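Trainee: Please see the structure below; I have some questions.
The values are calculated or read from the model by the stated rules, or taken from the named source; none is laboratory data. Note that the structure is a prediction, hence the values are computed from the model and not measured. Cβ atoms come from the backbone with ideal geometry, glycine included; neighbour counts cover every protein chain shown.
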Amino acid sequence: MPSSRRSPFNLLVIVVFIMFFAGSAYAQIVAFGASNVSGWNVAASEVFSAQLQSMLRAKGYSVTVLNAGTYGNTTTDMRNRVDSDVPAGTAIVILDTSGGFYNNLSHAISHEQGIEDMDAISSKLNARGIKIITESTADLPAEYRQLDGRHLNSEGHKFVAEQLLPEIMEALGPPKVSEDVRNACRADAKRLCSTELGDDEKRHACMHEHRFELSRDCLKAIVKNKRGE
């Protein structure tokens, strides 16, 4: 009967997968808004924040994109929770500028109040040194919406993620990989991804795909890099 105990090397692979490929312990990016941010009636993996996170990781970024969308939120609701729902360590907030205003209509909240709320949200985030990237789903065509004509379907969420990706990458800057990691993983890159060596994005995606085949030296260097050693 095979042993149920994991070898130290297998445990190291799991640790590296969590630390290096699954992002940091805090959310560097937060998607903040109402139901089209929360992902009403679509799978969690299909929401634009989750799809954006996958796209970023495939391009070499070790980041987490937190979904801080709440169904039915007005701009005032968003204003009241922005401090508590955008955690310390956040670098970028993707701020939805359409859902809150839409919900204001059914709560007798004036457009002027909505603008005041959004200005207050921006001021709070700016005071914390957080970069704001705005998005709106108001003008997306029917093909990207569910039958209610309001909420995004999975293709709509994918479209939003694709539109946000270049701006997010520009804000983050190039993925950071230490020289120690490059040296320790060079042989693995040649062995596993020889056809992708000339393209950083494709090479990282290939290494991610073969993450459980990486050498001990490469894995150890990655762990040290994540720990800042």
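Trainee: If we only count helices (runs of 4 or more DSSP H) wholly inside the range 121-229, which ones have 3 or more residues that are assigned by TED's automatic domain parsing to the domain that holds Ala88, at pLDDT 95 or above and among the aliphatic types (A, V, I, L, M)?
Mentor: On the way: elements: 154-172, 179-192, 200-209, 216-227.
Of the helices (runs of 4 or more DSSP H) lying wholly inside the range 121-229, those with at least 3 residues that are assigned by TED's automatic domain parsing to the domain that holds Ala88, at pLDDT 95 or above and among the aliphatic types (A, V, I, L, M) span 154-172.
Trainee: Still on this model: Out of the residues in the range 39-63 that are of a type in the set (S, T, N, Q) and surrounded by 18 or more Cβ atoms within 10 Å (Cβ to Cβ), state the one that is farthest from Val181 (Cα to Cα). Steps first, answer last, please.
Mentor: First pass over the range 39-63, keeping only residues of a type in the set (S, T, N, Q): 41, 45, 49, 51, 53-54, 62.
Retained after the next criterion (residues that are surrounded by 18 or more Cβ atoms within 10 Å (Cβ to Cβ)): 49, 51, 53, 62.
Working: Ser49: 28, Gln51: 27, Gln53: 23, Ser62: 14 Å.
Here the residue is Ser49.
Trainee: Suppose we keep only residues that are under 18 Å from Gly129 (Cβ atoms) and among the charged types (D, E, K, R) within the range 64-98. Which one would you say is surrounded by the most Cβ atoms within 10 Å (Cβ to Cβ)?
Mentor: Here the answer is Asp85.
Trainee: So in the range 162-203, with the set limited to residues that are of a type in the set (A, V, I, L, M) and within 30 Å of Ser136 (Cβ to Cβ), which one is surrounded by the most Cβ atoms within 10 Å (Cβ to Cβ)?
Mentor: Pass one, the range 162-203, residues of a type in the set (A, V, I, L, M): 164-165, 168-169, 171-172, 177, 181, 184, 187, 189, 192, 197.
Filter again for within 30 Å of Ser136 (Cβ to Cβ), leaving 164-165, 168-169, 171-172.
Details: Leu164: 24, Leu165: 15, Ile168: 21, Met169: 17, Ala171: 13, Leu172: 18.
Only one residue tops the list, namely Leu164.
Trainee: Considering only residues that are assigned to a helix (DSSP H, G or I), among the polar types (S, T, N, Q) and either on the phi > 0 side of the Ramachandran plot or touching a helix residue (DSSP H, G or I) at 6+ places or on another chain (Cβ under 8 Å) (or both), which ones fall in the range 64-80? It would help to see each step written out before you state the result.
Mentor: Initial filter on the range 64-80 (assigned to a helix (DSSP H, G or I)): 75-80.
Then drop every residue that is not among the polar types (S, T, N, Q), which leaves 75-76, 80.
Matches in the range 64-80: Thr75, Thr76.
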